[in-house]
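For reference, the structure is listed below as structure tokens.
The values are calculated or read from the model by the stated rules, or taken from the named source; none is laboratory data. All of these numbers come straight from a predicted model, not from anything done at the bench. Counting neighbours? That spans all protein chains shown, and the Cβs are built from the backbone with ideal geometry, glycine included.
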Amino acid sequence: MTTAFFTHDDCEHHVTPMGHPEQVARLKRIRARLDTPEFAGLDRRDCPLGTDADIGLCHPQAYIDQIIAAEPASGTRRLDEDTHMSPGSMQAARRAVGGAIAAVDAVLAGEVKNAFVAARPPGHHAETALMMGFCLFGNVAIAARHAMERRGLSRVAVVDFDVHHGNGTQDLLWNESRALFFSSHQMPLWPGTGAPEERGAHGQINNLPLPPQSDGAHMQRVYEAEVFPKIDAFAPELILISAGFDAHAADPLANLNWHEKDFVWLTEKLCALAAKHCEGRVVSVLEGGYDLDALSESAAAHVSALMRA
């Protein structure tokens, strides 16, 4: 079976102000890098539109309506210090949600062995009724809830290796005993959450703070000790990844020192666990990464590892 690559042109119509790190060029660079001969074997698919019912797996309708109403008719609108909308942002956000759900369905149906979803806006900072950190809706948490509520899964592991804490995913899955959540992130760093003491209603939340200037070798020791044994014991039926590439040494928003080989190592380890427990079923969804060269090369390395799994 092949690796599916979900994306959509609509996700380039979510425009942020000049100089904003979460920019259209992020997606353009990833798509251009994956549109090369070495990735000819990808199963390329369009992200469908997520519905209110899809988004409502994690967010109340009043919040969805708030975001719909916030979309400007022209220009950009600032929702908070970091998060903006433009004409087309809601359509892009629906594609991001729909792509994550469609990737789960394709993997569970056995159409592909795994999938990567390159869409924006990202999602792992969006809380139940709060947009923040460039994010409107919790794409990965919604995909997890879809797998559990609609597809009948009882054990879903979610691994977030973005350099920033996945506070939104944590909030959306706080009471969910069927989801085992891991977030590795630099600390101290925005948003300031993600301490190990934040454990979730069922002890299923696992936060792994990493010190500034630590490197991939440090990350590997932490994952070997704290993540992989727990996933192995949990025996997930699906592994979801929040794939942020801003832990790269070149990223301007943080101070970890990972390189492409570290994302490859982590991807390979997660795919091996998926092969052991759930027929290789992995769905990876783009989150952060703001140095365009590092982002595109790290995403390419990550997808290459998925294709080899």
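Which one of these does GLN186 not meet: (1) within 17 Å of the chain's Cα centre (by Cα); (2) under 22 Å from ALA143 (Cα atoms)?
(2)
Have a look at ASP54, ASP65 and point out the one that is free of Cβ contacts under 8 Å to residues at least 40 places away in the same chain, among the acidic types (Asp, Glu) and not in a loop (DSSP other than H, G, I, E, B).
Values: ASP54 fails: free of Cβ contacts under 8 Å to residues at least 40 places away in the same chain.
One residue alone meets the criteria, ASP65.
Of these, PHE245, PHE181, which one is surrounded by 23 or more Cβ atoms within 10 Å (Cβ to Cβ), part of a strand (DSSP E or B) and of a type in the set (Phe, Trp, Tyr)? Steps first, please.
Details: PHE245 fails: part of a strand (DSSP E or B).
Going through PHE245, PHE181 in turn, just one is surrounded by 23 or more Cβ atoms within 10 Å (Cβ to Cβ), part of a strand (DSSP E or B) and of a type in the set (Phe, Trp, Tyr): PHE181.
Is it the case that the stretch 158-171 has a residue that's surrounded by fewer than 24 Cβ atoms within 10 Å (Cβ to Cβ) and within 17 Å of LEU240 (Cα to Cα)?
Within the stretch 158-171, one or more residues are surrounded by fewer than 24 Cβ atoms within 10 Å (Cβ to Cβ) and within 17 Å of LEU240 (Cα to Cα).
Do we have any residue at all in the stretch 95-105 that's in a helix (DSSP H, G or I), crowded, with 24+ Cβ neighbours inside 10 Å and of a type in the set (D, E, K, R)?
yes
Do you know which residues across the stretch 68-89 are part of a helix (DSSP H, G or I) and either touching a Gly at 6+ places or on another chain (Cβ under 6 Å) or crowded, with 19+ Cβ neighbours inside 10 Å (or both)? Steps first, answer last, please.
So the first thing to find is which residues in the stretch 68-89 are part of a helix (DSSP H, G or I), and the list is 68-70, 89.
The one that is part of a helix (DSSP H, G or I) and either touching a Gly at 6+ places or on another chain (Cβ under 6 Å) or crowded, with 19+ Cβ neighbours inside 10 Å (or both): SER89.
What do you reckon, is ALA73 modelled with pLDDT of 95 or more, within 24 Å of SER304 (Cβ to Cβ) and of a type outside the set (Val, Ile, Thr)? Before you say what the answer is, go through the steps one by one.
Values: modelled with pLDDT of 95 or more: yes; within 24 Å of SER304 (Cβ to Cβ): no; of a type outside the set (Val, Ile, Thr): yes.
No, not satisfied.
When you scan the stretch 25-48, how many residues do you find that are surrounded by fewer than 17 Cβ atoms within 10 Å (Cβ to Cβ) and of a type in the set (A, V, I, L, M)?
3
Within the stretch 178-193, does at least one residue satisfy the condition of being closer than 19 Å to PHE263 by Cα, of a type in the set (Val, Ile, Thr) and either in contact with a Lys or Arg (Cβ under 9 Å, 6 or more places away or on another chain) or touching a residue at least 24 places away in the same chain (Cβ under 8 Å) (or both)?
no
Being more than 25 Å from ALA250 (Cβ to Cβ) and not aromatic (Phe, Trp, Tyr) is the requirement here; does ALA217 meet it?
Numbers: more than 25 Å from ALA250 (Cβ to Cβ): no; not aromatic (Phe, Trp, Tyr): yes.
For ALA217, the condition - more than 25 Å from ALA250 (Cβ to Cβ) and not aromatic (Phe, Trp, Tyr) - is not met.
Taking into account only those residues within the stretch 256-309 that are among the aliphatic types (A, V, I, L, M) and part of a loop (DSSP other than H, G, I, E, B), which is farthest from ALA100 (Cα to Cα)? Give the derivation first.
Start the filter on the stretch 256-309 by keeping residues that are among the aliphatic types (A, V, I, L, M), which leaves 256, 264, 266, 270, 272-275, 282-283, 285-286, 292, 294-295, 299-301, 303, 305-307, 309.
Checking which are part of a loop (DSSP other than H, G, I, E, B) leaves us with 256, 309.
Numbers: LEU256: 27, ALA309: 20 Å.
Among residues in the stretch 256-309 that are among the aliphatic types (A, V, I, L, M) and part of a loop (DSSP other than H, G, I, E, B), the one farthest from ALA100 (Cα to Cα) is LEU256.
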